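The values are calculated or read from the model by the stated rules, or taken from the named source; none is laboratory data. Bear in mind the structure is a predicted one, so any value in this text is a computation, not a measurement. Here the Cβ positions follow ideal geometry from the backbone for every residue, glycine too, while neighbour counts run over all protein chains shown.
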């Protein structure tokens, strides 16, 4: 009986050891699995965050590059528009200059005809008219601006017409006054720097052709 009891006790001890070993092994395996998951999960998370940051930086770089490209495109279009506007302005000024030169040429030609034309006395005492007088030409169109202000196109053309009427170069005249003389009519009081003669010149507007001398009166 004693031997059987000892044998059973040994058997129980062996079983306990086997159970303990199995349990201990399970615990180690569990700890290993948990440790593995924690380590690699953390590493994966860090990689994911790093990739996300990298992707964000790439997107930010692309956005900035797009903004720069859009800004450069806008500047290019603005530059082209400014160049086109400048070109149109230069072409317009060139056309006006050409018209002015034509008008001056016409004035000179009419001035030669004026010398050959016959002068007749008008109803106004002391004034003269000339049948050969013609409009000087214009860049204003059908009607004059009627702006009695120095520096305007209309002012310049009125001075040309007055110079043409008295047959004295514009640079040789002193323009004391130029004013309104009615509907599309004007007059000017001028002096010849060399001869000291004073003139009152009436000019009328001819549609699309410019100012034309109407009469010249020599003042005392």
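List of remarks:
- Hey, residue 217 part of a helix (DSSP H, G or I) and touching a residue at least 24 places away in the same chain (Cβ under 8 Å) or not: no
- Every test in (1) out of contact with any strand residue (DSSP E or B) (no Cβ under 6 Å at 6 or more places or on another chain); (2) modelled with pLDDT of 90 or more; (3) surrounded by 13 or more Cβ atoms within 10 Å (Cβ to Cβ); (4) closer than 30 Å to residue 93 by Cβ is passed by residue 212 save one, and that test is (1).
- Selection within region 158-194: residues that are part of a loop (DSSP other than H, G, I, E, B), out of contact with any helix residue (DSSP H, G or I) (no Cβ under 8 Å at 6 or more places or on another chain) and in contact (Cβ under 8 Å) with a residue 24 or more places away in the chain. The member of this set that is farthest from residue 132 (Cα to Cα) is 184.
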